[in-house]
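S.K.: Take a look at this one; I'll ask things after.
The values are calculated or read from the model by the stated rules, or taken from the named source; none is laboratory data. Just so you know, these numbers come straight off a predicted model, no measurement behind them. Please note: Cβ atoms are built from the backbone with ideal geometry, for glycine as well, and neighbour counts cover all protein chains shown. For accessibility, only protein heavy atoms count, side chains too; no ligands or nucleic acids. Shrake-Rupley method; radii C 1.70, N 1.55, O 1.52, S 1.80 Å.
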Amino acid sequence: MKSILCFGDSNTWGCSPDLPRRYNSEERWTKLLQKQLPSEYVVIEEGLNSRTTVLNDPYEAGKNGLDYLYPCIESHHPDLVVIMLGTNDLKSRFNLTASDISKGAGRLVQLVQNYKHRFMVKPPEVLLVSPTHVLEVDPLKEGFTNAEPKSKELGYYFKLRSEELGCHFFDAATEIQPCPKEGIHWQVDQHKKFAKILAKRIPEIFEGNI
């Protein structure tokens, strides 16, 4: 069996942009991915609303991805970790550049790559996913002032980090779009599209074709 740990934020958790609810198992990309992969793969959902790469949120406790990733890997011993974080690092209260955010994501990659356990032959593979853009379309939404232009730079810097660290890479913004009215979270059709993309890429990673 091959286990895939999907480590992300609300777009991995399955937050709906239209209604205050979580997408169900027929809607969110992690569950759809499980159904589309061959039977020897197991998908582990580890999405958390408002999760950051390495930052402690002054208003929301427990959102630092770096703090949780190690025990998460220790618990699951995955063969592949899909990391898709960075959107919440764009919040104006953190005042980070796109380059800064990519370095936070890079620290997560390094943690996975340096993981060692006697039960594991080697550390997990890593697929670093640059998140989708943030659209500043909702005047009532607080916290993401000036996030849109920075979000459009993330793909460039995340790719640089992946090349430096020698991990797999995908820029989700090249294929996936957030809700045009809400600007952050994905609609169901985008979850389906993302699951289909990863269902093709993940076996290729294990086959050594990418």
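S.K.: Among Pro20, His76, Ile4, whose Cα lies farthest out toward the positive end of the dipole of region 1-97, if unit charges sit on the beta carbon of Lys, Arg (+1) and Asp, Glu (-1)?
M.R.: Value: Pro20.
S.K.: For region 160-206, which whole percent of the accessible surface, found with a 1.4 angstrom probe, sits on carbon and sulfur atoms? Write out the running numbers ahead of the final one.
M.R.: Details: 1070 of 2110 Å².
Looking at region 160-206 in its full context, I get 51 percent from C and S.
S.K.: On the protein heavy atoms, probe 1.4 angstrom, tell me the percent of accessible surface of region 59-143 carried by carbon and sulfur.
M.R.: Exposed carbon and sulfur together represent 48 percent of the surface.
S.K.: Within the chain, what's the longest stretch lacking GluC sites (Glu not before Pro) that sit in DSSP loops with no more than 14 other Cβ atoms inside 10 Å? Before the final figure, lay out each step's value.
M.R.: Working: sites that count: Glu26, Glu40, Glu60, Glu142, Glu175.
In short, 61-141.
S.K.: Rounded to the nearest 5, what % of the DSSP beta bridges within the chain are antiparallel ones?
M.R.: Bridges in the chain are about 5 percent antiparallel.
S.K.: Here is a follow-up. So if I place +1 on the C-beta of Lys and Arg and -1 on the C-beta of Asp and Glu, and nothing else carries charge, what would the dipole magnitude of the chain be about its Cα centre? I want it in debye, nearest 20.
M.R.: That gives a dipole near 260 debye.
S.K.: Once amide H atoms are built 1.01 Å from N in the peptide plane, which residues 5 or more positions from Lys2, or in another chain, come under 5 Å H to H?
M.R.: Tyr41, Val42
S.K.: Could you give the dipole magnitude of region 86-170 about its Cα centre, charging the beta-carbon of Lys and Arg +1 and that of Asp and Glu -1, in debye to the nearest 20?
M.R.: For this selection, approximately 440 debye.
S.K.: Could I ask something else about it? Rounded to the nearest 10 Å², what accessible area does Asp18 show when all protein chains are kept and the probe is 1.4 Å?
M.R.: So the heavy atoms of Asp18 present about 100 Å² to solvent.
S.K.: From the helices alone, meaning DSSP H stretches of at least four residues, give me the mean residue ellipticity at 222 nm for the chain, per-run term -39500 (n - 2.57), in deg cm²/dmol to the nearest 500.
M.R.: It comes out at -11000 deg cm²/dmol, rounded to the nearest 500.
S.K.: Hey, any idea what % of region 1-46's accessible area is carbon plus sulfur with a 1.4 Å probe?
M.R.: Percent of accessible area from carbon and sulfur atoms in region 1-46: 51.
S.K.: Further question: Toward the positive end of the charge dipole of the chain, about the Cα centre and with charges on Cβ (Lys, Arg +1; Asp, Glu -1), which of Leu127, Ala173, Pro149 goes farthest?
M.R.: Leu127
S.K.: How big is the gap, in Å, between the Cα center of region 163-193 and the Cα center of region 91-147?
M.R.: 13
S.K.: Then there's this: Match the structure shown to one of the listed values [x] 0.96; [y] 1.37; [z] 1.02 of Cα Rg over 2.2 N^0.38 Å, computed from it, and give that label.
M.R.: [x]
S.K.: Now, a different point. Once you order the gyration tensor axes a ≥ b ≥ c over the Cα atoms, which shape class does region 15-140 get: rounded for a/c under 1.5, otherwise prolate or oblate by comparing a/b with b/c?
M.R.: Oblate, since a/c reaches 1.5 and b/c is not below a/b.
S.K.: How far apart, in nm, are the 7 Å Cα→Cβ label points at Asp57 and Thr145?
M.R.: Here the answer is 1.9 nm between the modelled labels.
S.K.: Between Glu207 and Leu66, what FRET efficiency follows from the Cβ-Cβ distance if R0 is 35 Å, with the result rounded to 0.05?
M.R.: 0.70
S.K.: Let me ask something additional. Report the chymotrypsin sites (Phe, Trp or Tyr not before Pro) located in region 33-102 that are in a DSSP loop and have at most 14 other Cβ atoms inside 10 Å of their Cβ, or state none.
M.R.: Within region 33-102, the qualifying chymotrypsin sites (Phe, Trp or Tyr not before Pro) (loop, at most 14 other Cβ atoms within 10 Å) are Tyr59.
S.K.: For a 22 Å ceiling on Cα separation, which of these pairs sit above it: Lys103/Lys152; Lys116/Lys193; Lys35/Lys91; Lys35/Lys116; Lys31/Lys91?
M.R.: Lys116/Lys193; Lys35/Lys91; Lys35/Lys116; Lys31/Lys91
S.K.: Rounded to the nearest whole Å², what accessible area per residue is found for the chain with the 1.4 Å probe?
M.R.: Result: 48 Å² of accessible area for each residue.
S.K.: Between Glu175 and Glu136, what is the FRET efficiency for a Förster distance of 22 Å, r being their Cβ-Cβ separation, to the nearest 0.05?
M.R.: 0.55
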